[in-house]
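Worksheet for the structure shown next.
The values are calculated or read from the model by the stated rules, or taken from the named source; none is laboratory data. From a predicted model like this one, the values you see are computed outputs, not experimental measurements. Virtual Cβ from ideal backbone geometry, glycine too; neighbours counted across all protein chains shown.
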Amino acid sequence: MSTLNRSAAEYDGHHFTVAADDGVPIAVHEYGIRGTGVTLIFVHGHCLHTESWALLRTELHGHWPADTHMVFYDHRGHGGSGAADPATYTIDQLALDLDTVLRTVAPSGPIVLVGHSMGAMTILAYARLFPESIGTRIIGVGLLAGAASSVTRVGLGRLLNGPAVTSLQVAMRRAPRAMQASKHLSRRIFEPMMREAALGTRRVNPRVAAIATAMLNETPLLTMSAFLDSLIHFDEMASLHRLGAIPALVLAGSADIVIPFAHSVVLASQLDDVELVRLDGAGHSVIMERAEEVASAIAALLDRAVRAMRCRDPELGGTDPDCGPEFAIAG
């Protein structure tokens, strides 16, 4: 798709699909103009879709020009993307899908990846599968309400080891069509739990609550259940070093009971160039609850990533007096 001579309407977003490596259509929402600077790619969480970024995207437009290249997409089985073989509903496959998206929408130029919850986990898996891109194409990462491992040990994640979830997984394997046709079980098991968990302790805008509930109700039961095994066994602690010294943002809410803030502390402790941000009172849906503050943190991440990129490349400003001694032998 050419981005030359775009009409004014296209600044409001261009929606299209790309084919994953196994042919599954991935729905992409693209804003701004390709090739004009850094591309920011946003990766959503489990049972969500691109709408989860809507409030944050509006806030980000206040920080940057309208032509800033931002890309949002739906995971397989979520939102406008196609359903797939449940065997492919793994975080590693999501990382492969992410690679397909970025090769399509940002075939050249620097990229900052921002992920929320399972999206943050997808970025960690991507760093393991495509280490050569870290520090070259990928110049910064934002890990929001994420974890590197042990999601079933603390917080609401402990319920993933419970009998209700086990029963759901067994039922989906034995009678997927019958289970998929029934939303009653999904509401009974998931909705009360997620309604309380998604939002924090502060008073929440009714629109935020409505968006979160709608996305939960729209997610197919097969998608909900099939990803659980990958989430339960997720562990990227040994590969965090692959992020090297590129600038990172680790952000979460203090009232997140789905993936408690302790996970963010562990994540940040393993990264070299990191800003750790705790938003008091925010829950797991921090990107909707506190969009303004999250946008400010992402804007700061982009500034740090661009500065680090320029300092490491003499042709981009490595002689800048603001570049510290840590960049002296880089490039």
*Filter segment 23-45 down to the residues that are in contact with a Lys or Arg (Cβ under 8 Å, 6 or more places away or on another chain) and without any contact (Cβ under 8 Å) to a residue 60 or more places away in the chain, then identify the one that is surrounded by the most Cβ atoms within 10 Å (Cβ to Cβ).*
TYR31
_Residue selected from segment 270-301 under the condition touching a residue at least 40 places away in the same chain (Cβ under 8 Å) and touching a Phe, Trp or Tyr at 6+ places or on another chain (Cβ under 8 Å), by the criterion surrounded by the fewest Cβ atoms within 10 Å (Cβ to Cβ)_ = ALA299
_Single condition SER52 does not satisfy, out of (1) buried (at least 22 other Cβ atoms within 10 Å of the Cβ); (2) at pLDDT 95 or above_ = (2)
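Would you point out which residue out of SER81, SER7 is modelled with pLDDT of 95 or more and out of contact with any Cys (no Cβ under 6 Å at 6 or more places or on another chain)? Show your work before the answer.
On the way: SER7 fails: modelled with pLDDT of 95 or more.
Being modelled with pLDDT of 95 or more and out of contact with any Cys (no Cβ under 6 Å at 6 or more places or on another chain) holds for just one of SER81, SER7, which is SER81.
Determine, yes or no, whether SER296 is part of a helix (DSSP H, G or I), modelled with pLDDT under 95 and small (Gly, Ala, Ser).
no
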_Pairs please, first residue from segment 51-79 and within 19 Å of MET288 (Cα to Cα), second anywhere and surrounded by fewer than 22 Cβ atoms within 10 Å (Cβ to Cβ) and among the aromatic types (Phe, Trp, Tyr), Cβ atoms under 7 Å, 6+ apart in sequence or on different chains._
MET70/TYR31
